[in-house]
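Report on the following structure.
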Amino acid sequence: MTDGAQADTLKLVDRSDDRAPVGAVMVVGGGIAGMQASLDLADQGFRVYLVESKSAIGGHMAQLDKTFPTNDCAMCTISPKLVETGRHLNIDILVDTEVVKVDGTPGNFNVTVKRKPRYIDLEKCVGCGDCADVCPVILPDPFNEGLSSRRAAHKLYPQAVPNAFTIEKLGVSPCRDACPAGQRAQGYIALIHEGRYDDALRVIKEDNPFPGICGRICNHRCEDACNRGLIDEPINIRALKRFVTDKVYSAERQPVEPAEITQDKRIAIIGAGPCGLTAAQDLIRLGYPVTIFEALPVAGGMLRVGVPEYRLPTEIIEREVADILDLGVDLRLNTVVEDLDELFDQGFDAVLIAVGAHEGIRLPIPGADLDGVLINTRFLRDVRLDRYEPDENGQVTNPDGSPFGERVLVLGGGNVAIDCARTAARLGAEVHLACLEPRDAMPCHGWEADAAEQEGVTIHADRTFLRVVDDGRGQALGVECSSVAHFEFDHEGRLAVETVPGSEHLIEVDTIIFSVGQRAGLAFIPDDAGVGITHQRTIAINPNTMAATRPGVFAAGDSVSGTAFVIEAVASGHQAAESIQRYLEGDKLEADARPELPVVKFSRAELQARVARGELALKNRVPMPELPIEGRIDSFAEVERGYTDELAQEEAERCLACALCSECLSCVYICGRDAIDHDMVERTEQVNVGAVVLAPGYQIYRAELSQEYGLGRYPNVVTALQLERLLSASGPTQGHVNRPSDDQPARKIAFLQCVGSRDQSHDYCSAVCCMYAAKEAVMIREHDPQAQVHVFMMDMRAFSKGYEGYYQRARDQYEIEYTRCRISSLKEDPETGDLIVRYARDLGIEGAVMEEQAFDLVVLSVGMEISDSVKGLGQSLGIELDEYGFCHTPIFDPLQTSQPGIYAVGPFREPKDIPETVVDASGAAADVAGLLAPARFSLTRTAEYPPERDIAEEEPRVGVFVCHCGSNIGGFLEVPEVAEYAGNLPGVIHAEDNLYTCSQDSIAHITEQVEALGLNRVVVASCSPITHAPLFQDSIRAAGLNPAMFEMANIRNQCSWVHSNDRAAATGKAKELIRMAAARANTLLPIHTTTVPIYNDALIVGGGVAGMTAALSLAQGGYVVHLVEREATLGGNLRHLRYSSNDIDPAAFLEQLVTSVEEEPLIHIHTQTQVAKTSGFMGRFISTLQNGGGPFEVKHGATILATGGTEYRGNEYSYGSNPRVVTGLEFENVLAAIEHNTRESDARTQSLLDLLGDQAPDEIAMVLCVGPAESFCSRICCTTALKNALAIKRIKPEARVTILFKDIRTYGFKERLYTQAREAGVIFLRYDEDNRPEVDASGDQLMIRARVINLDRQMTLTPDLLVLSNPVMPPDGAREMATQFKVPIDKDGFLLEAHVKLRPVDFPSDGIFMAGMAHYPKLLDESIVQAKAAAARAARVLSKKQLTAGGIVAQVDPSLCVGCLTCVRVCPFDVPLIVADQDGVGGIHGAAFIEPTVCQGCGNCVAECPAKAIHLAHYEDEQILVKVDALLLGA
Amino acid sequence: MTDFDPQIVAFCCTHCAYNAADLAGSLRLQYPTSIKIVQLLCSGRVDILHILRSFEDGADGVLVAG
């Protein structure tokens, strides 16, 4: 629902439905918002399903370098959240998943999700990365915004959670799809490009046992399908395939290991051609004994005896056939199968007929059987079997002894005819070839006919043959032909020829070779054998199974298809083998259809667009070198000479890698965990949850669409997100800002603001760009002080806490130049790659001039958009979105979508920065917790461990487990040697090495070893404890050991990876690291924790909107709330507001809110009450409240401070001295009184009404940034001023309203108010801070003089009223309150959060939270969300029954404490106290005490304590120093 | 080049410096093998005595990173 429709009702959770809701929640989107919402919900006792469409969580924040305004490293701040989310027992992360639809009602939804295939099993993958190391497919890396490359097998980023790899696959590349045998051409091409020729051959052989053969004679349909053909030329796939075999076959063939025979059923194959051999290979690999019967004296079939030597050398055939025979195939040459039945009689269980089509056809014309008439197949075979060898006189004779002719005519125009012609030419004859078809439509390949002509063959096209002419002695002397005018085949395949009348002529020759077709010789199949034969003399089969009509008989290859290409024979051989296996195993013959991947076909336009963007360069194929014509016909030497390495790699580089993953299976072979599964398919699942939180995030504006900025065309124009990656130390340039065009340092950099924000197609401000640009500019200068940075902007929107100061530092201290304008043009200097920016330079009051400057790099500060997929999600969930896809939510219920039970957070609602996104996320957790409160802890899981073994009396028994991490460690140092070394260290009684120590079986093995060997300490030498220690600690807990009895040696991240070029040194260091770890292990002691019961009530200080909202939220969750307000009534600042920015009555909302709070039985309202005293710690606070009735005590587990803010009152601009100068709130009140004609207002309003005569003023001036707001931005003043300006324009449209401003900071959708105000005629005059407006109140008339920058002139205004946008300030007593609660405040007096980015409502001390304007000025909806967030954070504490105390915490030995306060001063968390009930040194009362439930274990106090009175468990001095000693002094 | 191979003990905060060393590993950044890290929850735990003991044991340098 839109704002207007829903906003005037306050929705509370309906508790009338007593059906228990489902205690699970789905959070959609794994960015910072999704993680925060998940953690806040899971910590409150809900089961969370966190859905992420990418392969890992982390979102955009993981891509950022630093975060403003603290310049913290983004990854450092997000990574603990990543790990916590990844390890949380009650968060199930569903990566690669998208939500399809949501059915049901709030409290009980069924969510349908689509789980996309990852091709790597998340359960098995240990993240070792071996798959990525061998993956040959190179793709742009989207995490680095395309500035670097990655492999198709990849991890999204190094710290990705889950820590597992994934494979990116779009489908099937067209080359593979076009190949009958499914050759993975893209795969072997990628491997050729990498120079991995053996791997490339392995990939070809996955689908085809005849790479060398197909590399020469295949008709390569793959090339016809190649997407590259759309723009230039297809990849020369055949040449590349041939190249691989040339490379590998240049080495001597190594015998293939025989296959293991595991089956007893025997298979006979008739015919040792490509089909029969393929089937034999497949079947023997499956363990079946295979016998091949071959009539000829050689194996290879038509390849060996049908293809001339100059096209296919014998040695290639013999080599590839031998590889199959080596498997153990029983080949019987010269063995003609006379009768099919005999084979079954001999005990074969299945027979495959693969006899090929070796019988040539003689045309039925007169003279066809004269002497000198030969048949193609026999002729070629006899040549190939050396029966045409010249005699001692050099005379070539036919096998029957008759002389081979001098003039030969080949009849036919197919490839075999060409083979006959070129072979005859090589036997020394003058060769002619006659065919029915026109020259340019001959059935053979065009290049074959060309080659024949080049070799001297005369082609007579368009001929039909009438008869063979007899010389009278039974010898042919020529063929009488007619010229063909036209011919066609009818639908039954019969030929009709129309000849040219009178065109009969004789081609005189002495030898004629028929080459008009071939067929199978099937005489061995008796009529009663039960095997059906077709009219075309082929075997009848089921084409899906290759099964003939008789059970157990299968047929494949040319004998069923007629003549075809070798690759088809291979394909049908594979198919037949699969069917035979199914037949022999008793399965049904037809396999179930497998889900098919789509074929990746590009359009020409798509590819041309890639060319235009510079992603792809046009380049023709590299031609195959050939033997010069002169030398060819003198021998049978191979004509095509093959690629060199350089040519092959050049050609391979042209491949578009259409399918991304090519299924080359390199990953499958390398993976030691058997985790790769290329057959994974998309699945649809249902998840039952009570509520849904949508946190899908944003996408950056695709600035390529604004062509004027040149993104994609000019390499040195980058987006701000690309710049983040350039600035990141883990990015593609290790943090150096180098130009993409030449990798040179960028020294002069321009930022263009508002790209995709505040323009015709975006009517909103993206709210973050000004600040991220300032931050990036500062980081550039920090990194390279010589760099100059120039920012072109409209307004500087530094509207939040600390932002204005940051901007001022960027401008003044870092000397970032800011120019207020949109540039007028941007061009590239093609010589240098520099970018010429043309813009109007503002000279202040002197006007503006056009200037041009050249920059090395231009950064586009791109705005936020909602992606199409998120829009689709919104639509499928029935959520109302605006025209841009944002999910507008009601102002008084800001996280609620138009579908109850579905909440929206983060930039999906409105562009916003990280802290506000985090606040949204926690706020949504509060809303959900209210809805699902009865189901809390109904679906959560808890970890169970056996009782702990007491090892106090045991000597150390250390077990060391050294990990190979696949090849990550094992590949760079000697793991077995290191493990052996570890076994001899003091205290170590067992050491072993494991391939993957973190795999599930190894984890279980550690548990077993602890039990079996009685280990009491465990060292794992593998990767980082940050990611893996909890996993291993679980394994020893499972064996009854205290989890503290564990230590890691990080021999991967700190050793093998960083010393990968020195094996000996790395091995040595690994030993040292393990020595240190083992030494420390000896000193470890168990750590125990205790529990402390908590108070489940909350104390909220402040009864304004924030306090009341937080109170209601907690009460809905079932918690008792004490709401303390020092005034007599609830309502706070909202009582003074008369207008909202969207025409909704704030008073009506306030009344409803107060009523809800008053009617809520769980909320105890204490008005006219103050907190007199508070003490205690998270979970156990005791506060004394003071009111008229005297003091009373409240026990509470959490505290929320919501003490609000107050409008500043000062004497700037004659306020206080001139009655016509008013504040924004005063103005709002008088305006409302005029509009509603009410007089019941306060005295100030009364006097203003008198002054104005109860009439709206004619002329009003407003000044923004008053008093303290010159140094900090009060955030809400611009929006409030515009709201009031629009209100007066509505009441009195002719009123003149002038706003004097420095910047208009209408962030997010507030920008629309700015647009509306300009449309309504409000005048905006910009002043600069050195020349603020001056008020002259000396006369009757109020006079304001201002130097107006945007109009280049001095102006004087004479308004009826001057409205000052006074900032919001902390209320009276804020500082004292902060001291009382021991919470920090910032320099402006606002409460200071624990972490500006990620803990925006927390304090450093646990259990206390903040909300509303006490934190910083904010708009009403922002206060509401923040109040909910504070409630959620408090509920994380209150939902527990008890707190854990102890663990790695500091403990004071009071007998050593002198009470010097050092610990009190150094503790960053204010935990140590000097307490009276402890006695220190010498029995003096008062010693330090550190509360174990709140100590963070940092150890600052331990290091600083001059009396050494404080100990830190697990980090005692001895436990630290033992590592130093072990390192430097040895074992 | 000299044969001097300095032994350096690095006391690192778990939350930042240790993490950074992990990342250096992920990025395969090469550095000398003579740097050995001692992990602490916070570099604030480093006592002057730890630094002195390192030198006493023969360390050529001590790095405290946090």
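The values are calculated or read from the model by the stated rules, or taken from the named source; none is laboratory data. This one's a predicted model, so the numbers in the text were calculated from it and none came from an experiment. Quick reminder, even Gly has a Cβ in these numbers, built from the backbone with ideal geometry, and neighbours come from all protein chains shown.
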**Message:** Checking the condition part of a helix (DSSP H, G or I) and away from every other protein chain (no Cβ under 14 Å), which residue from A:SER1175, A:SER1156, A:SER1141 passes?
**Reply:** A:SER1156
**Request:** Please go through region A:130-172 and pick out each residue that is within 14 Å of chain B (Cβ to nearest Cβ), of a type in the set (Asp, Glu) and buried (at least 18 other Cβ atoms within 10 Å of the Cβ).
**Result:** A:ASP141
**Request:** Mind telling me which of the residues A:ALA368, A:ALA357 ends up being assigned to a loop (DSSP other than H, G, I, E, B) and touching a helix residue (DSSP H, G or I) at 6+ places or on another chain (Cβ under 7 Å)?
**Result:** A:ALA357
**Request:** For A:ARG473, work out the one condition from (1) within 30 Å of A:TYR310 (Cα to Cα); (2) exposed (fewer than 13 other Cβ atoms within 10 Å of the Cβ) it doesn't fulfil.
**Result:** (1)
**Prompt:** Restricting attention to region A:82-113, and to residues there that are free of Cβ contacts under 8 Å to residues at least 60 places away in the same chain and under 16 Å from A:ALA691 (Cα atoms), which single residue is nearest to the chain's Cα centre (by Cα)?
**Reply:** A:ASP92
**Asked** For A:VAL1124, are the conditions met, namely being in a helix (DSSP H, G or I), of a type in the set (A, V, I, L, M), out of contact with any helix residue (DSSP H, G or I) (no Cβ under 6 Å at 6 or more places or on another chain) and modelled with pLDDT of 95 or more?
**Response** no
**Message:** Here are the criteria: (1) more than 8 Å from chain B (Cβ to nearest Cβ); (2) without any contact (Cβ under 8 Å) to a residue 60 or more places away in the chain; (3) touching a Leu at 6+ places or on another chain (Cβ under 8 Å); (4) under 19 Å from A:GLY127 (Cα atoms). Tell me which single one A:HIS1028 does not satisfy.
**Reply:** (3)
**Message:** Anything in region A:1148-1174 that is of a type in the set (Asp, Glu) and over 22 Å from A:HIS1136 (Cα atoms)? List them, or say none.
**Reply:** A:GLU1159, A:GLU1160
**Message:** Suppose we filter A:ASP386, A:ASP382, A:ASP419, A:ASP391 for residues that are in contact with a strand residue (DSSP E or B) (Cβ under 8 Å, 6 or more places away or on another chain) and among the acidic types (Asp, Glu); which single one remains?
**Reply:** A:ASP391
**Asked** A:ASN1096 fails exactly one of the following numbered conditions: (1) in contact (Cβ under 8 Å) with a residue 24 or more places away in the chain; (2) facing chain B (nearest Cβ under 9 Å). What is the number of that condition?
**Response** (2)
**Message:** Given the options A:VAL958, A:VAL988, A:VAL1019, A:VAL978, name the one that is closer than 27 Å to A:VAL1058 by Cβ, crowded, with 20+ Cβ neighbours inside 10 Å and in contact with an Asp or Glu (Cβ under 7 Å, 6 or more places away or on another chain).
**Reply:** A:VAL1019
**Message:** For region A:1056-1084, give me each residue that is within 10 Å of chain B (Cβ to nearest Cβ), of a type in the set (A, V, I, L, M) and not in a helix (DSSP H, G or I).
**Reply:** A:VAL1058
**Asked** Do we have A:LEU1527 as facing another protein chain (nearest Cβ under 9 Å), buried (at least 20 other Cβ atoms within 10 Å of the Cβ) and touching a residue at least 40 places away in the same chain (Cβ under 8 Å) here?
**Response** yes
**Message:** If I filter region A:659-690 down to residues being in contact with a Pro (Cβ under 7 Å, 6 or more places away or on another chain) and surrounded by 23 or more Cβ atoms within 10 Å (Cβ to Cβ), which single residue comes out as farthest from A:ALA185 (Cα to Cα)?
**Reply:** A:GLY690
**Checking A:ALA767 against (1) under 26 Å from A:GLN734 (Cα atoms); (2) buried (at least 22 other Cβ atoms within 10 Å of the Cβ), the condition it does not meet** = (1)
**Message:** I'd like the full set of residues that are closer than 19 Å to A:VAL479 by Cβ and in a loop (DSSP other than H, G, I, E, B), limited to region A:452-465.
**Reply:** A:VAL457, A:ALA461, A:ASP462
**Item:** Filtered residues of region B:23-60 (kept if facing chain A (nearest Cβ under 7 Å) and under 22 Å from A:ARG1063 (Cβ atoms))
**Value:** B:ALA24, B:GLY25, B:SER26, B:LEU27, B:ARG28, B:LEU29, B:GLN30, B:TYR31, B:THR33, B:LYS36, B:ILE37
**Complete:** Taking region A:654-675 and keeping only residues that are farther than 16 Å from A:SER173 by Cβ and assigned to a loop (DSSP other than H, G, I, E, B), one is left with A:CYS671, A:GLY672, A:ARG673, A:ASP674, A:ALA675
**Message:** Among the numbered criteria (1) among the acidic types (Asp, Glu); (2) modelled with pLDDT under 95; (3) surrounded by fewer than 17 Cβ atoms within 10 Å (Cβ to Cβ), which one does B:ASP22 miss?
**Reply:** (3)
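Quick grid of which residues meet (1) surrounded by fewer than 20 Cβ atoms within 10 Å (Cβ to Cβ); (2) in contact with a Cys (Cβ under 9 Å, 6 or more places away or on another chain); (3) modelled with pLDDT under 90; (4) more than 22 Å from A:LEU303 (Cα to Cα):
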position: A:THR335; (1), (2), (3), (4): yes, no, no, no
position: A:ASP339; (1), (2), (3), (4): yes, no, yes, yes
position: A:ALA357; (1), (2), (3), (4): no, no, yes, no
position: A:LEU363; (1), (2), (3), (4): yes, no, yes, yes
position: A:THR377; (1), (2), (3), (4): no, no, no, no
**Request:** Please report, ordered by residue number, the strands (runs of 3 or more DSSP E) entirely within region A:1184-1236 with at least 3 residues that are within 14 Å of A:GLN1170 (Cβ to Cβ).
**Result:** A:1190-1196
**Complete:** Here the qualifying pairs (Cβ atoms under 8 Å; residues six or more apart or on different chains; first in region A:817-834 and closer than 25 Å to A:TYR1327 by Cβ; second assigned to a loop (DSSP other than H, G, I, E, B) and at pLDDT 90 or above) come out as A:TYR818/A:MET796; A:ARG820/A:MET794; A:ARG820/A:ASP795; A:CYS821/A:MET794; A:ARG822/A:MET794
**Fill in**
Counting only residues in region A:1484-1519 that are assigned to a helix (DSSP H, G or I) and in contact (Cβ under 8 Å) with a residue 40 or more places away in the chain, the one nearest to the other protein chains (Cβ to nearest Cβ) is identified as A:VAL1502
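Quick grid of which residues meet (1) touching a residue at least 24 places away in the same chain (Cβ under 8 Å); (2) surrounded by 24 or more Cβ atoms within 10 Å (Cβ to Cβ); (3) not in a helix (DSSP H, G or I):
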position: A:PRO180; (1), (2), (3): yes, no, yes
position: A:GLY187; (1), (2), (3): yes, yes, no
position: A:ILE192; (1), (2), (3): yes, yes, no
position: A:ASP198; (1), (2), (3): yes, no, no
position: A:LEU201; (1), (2), (3): yes, no, no
position: A:ILE213; (1), (2), (3): yes, yes, no
**Qualifying positions in region A:225-246 - touching a Leu at 6+ places or on another chain (Cβ under 9 Å) and either closer than 16 Å to A:SER603 by Cβ or part of a loop (DSSP other than H, G, I, E, B) (or both)** = A:CYS226, A:ASN227, A:ARG228, A:LEU230, A:ILE231, A:ASP232, A:ILE235
**Asked** If you go through region A:1441-1455 one residue at a time, do you hit one that is away from chain B (no Cβ under 14 Å), more than 29 Å from A:PHE1409 (Cα to Cα) and not polar (S, T, N, Q)?
**Response** yes
**Complete:** Within region A:410-451, residues being more than 54 Å from the chain's Cα centre (by Cα) and either assigned to a helix (DSSP H, G or I) or closer than 16 Å to A:VAL484 by Cβ (or both) number 18
